[in-house]
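Heads up: the structure comes next, in structure tokens.
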Amino acid sequence: MIGLLGGTFDPIHFGHLRPALEIRDALGLDELRFLPCRIPPHRGTPRESAQTRAALVAQALADEAGFALDRRELGREGPSYTVDTLESFRAELGAQVGLCWIMGRDAFNGLPKWHRPHDVLRLAHIVVAQRPGEEGEPGAALAEMIAGRVSESLTELTQQPAGCVAFVDVTQLAISATMIREALARGQSARFLVPERVWETIRAEGLYGWKNAATEAANS
Ligand code: ATP
């Protein structure tokens, strides 16, 4: 079974990585692919380019067996719709391989507004990681969409290639890329929120306005 974690990753942080590792182990995934999007469909333009965001993802994953960067959304024109990504995996891997589309609870709550959400569920399982500040019951449209699909046990996901919804308890890390971008823009450190190599690249290349903000702070 293959896990897929899509995101803007602007930048990647430990709130992506640790839950991903725990989900990989809980589900016994053979592989977990990280898919940075080129153009996020439901939000503003990312701060850094797709190539830069992907390079940071590659650095973050470098040492973890079974974690891999997947660049397929970067080369595709237009918004990076998950359903198109899943169709490309099915074309490559066939109908029988188990696919798990992983997302945080905030992203899951927005699922009914996605492009062709029913096809997303037809093509993959959906695995939801709880995220701090995102508790509560699903709204009516989401509840209807997942009715009869929620798995009591994670082993159910191994019995069919797609179509189940599973909630996985993960270590709660109240880290977001937004808070990291804001800290960097103020010249504050992102150390210990992101992997050390990612932090080194952000500093060396002055990403997210860090260099300018840090220089201004030193000069004031
Ligand atoms: P931003 O603050 O820019 O919105 P983000 O931190 O939410 O970014 P994304 O790249 O948008 O990061 O997230 C990719 C996926 O990872 C989404 O499904 C999101 O819900 C999930 N995710 C991000 N941060 C966490 C976290 N701290 N805990 C659990 N899931 C997370």
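The values are calculated or read from the model by the stated rules, or taken from the named source; none is laboratory data. Fair warning: this is a prediction, and the values are worked out from it, not measured in the lab. Positions of Cβ are backbone-derived with ideal geometry, glycine not excepted, and every protein chain shown enters the neighbour counts. Surface areas here come from the heavy atoms of the whole protein model, side chains and all, with no ligands, DNA or RNA. Shrake-Rupley method; radii C 1.70, N 1.55, O 1.52, S 1.80 Å.
Overview of results
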quantity	calculated
Subset of the stretch 104-130 that is in contact (Cβ under 8 Å) with a residue 60 or more places away in the chain and buried (at least 21 other Cβ atoms within 10 Å of the Cβ) - its residue that is nearest to D169 (Cα to Cα)	A129
Single residue of the stretch 48-79 satisfying the filter (in a loop (DSSP other than H, G, I, E, B) and open to solvent by less than 40 Å² (accessible area, probe 1.4 Å)) that is nearest to E205 (Cα to Cα)	E48
Only one of A166, A213, A183 that is out of contact with any strand residue (DSSP E or B) (no Cβ under 8 Å at 6 or more places or on another chain) and either surrounded by fewer than 17 Cβ atoms within 10 Å (Cβ to Cβ) or modelled with pLDDT of 95 or more (or both)	A183
Residue tally, condition in a helix (DSSP H, G or I) and either near the ligand (Cβ under 6 Å from one of its atoms) or open to solvent by less than 20 Å² (accessible area, probe 1.4 Å) (or both), over the stretch 1-16	2
Pair list, Cβ < 9 Å and 6+ apart or interchain, from the stretch 172-185 residues that are more than 11 Å from H13 (Cα to Cα) to residues that are of a type in the set (A, V, I, L, M) and assigned to a helix (DSSP H, G or I)	L184/I202; L184/L207; L184/A213; L184/A214; A185/A213
Test: V120 is modelled with pLDDT of 95 or more, within 15 Å of the ligand (Cβ to nearest atom), touching an Asp or Glu at 6+ places or on another chain (Cβ under 9 Å) and among the aliphatic types (A, V, I, L, M)	no
T45 being β-branched (V, I, T) and crowded, with 17+ Cβ neighbours inside 10 Å	no
Qualifying residue in the stretch 43-54 (condition: touching a residue at least 40 places away in the same chain (Cβ under 8 Å) and closer than 24 Å to K113 by Cα)	yes
Residues (buried (at least 19 other Cβ atoms within 10 Å of the Cβ) and either closer than 23 Å to P79 by Cβ or near the ligand (Cβ under 9 Å from one of its atoms) (or both)) located in the stretch 17-35	P19, A20, R33, F34, L35
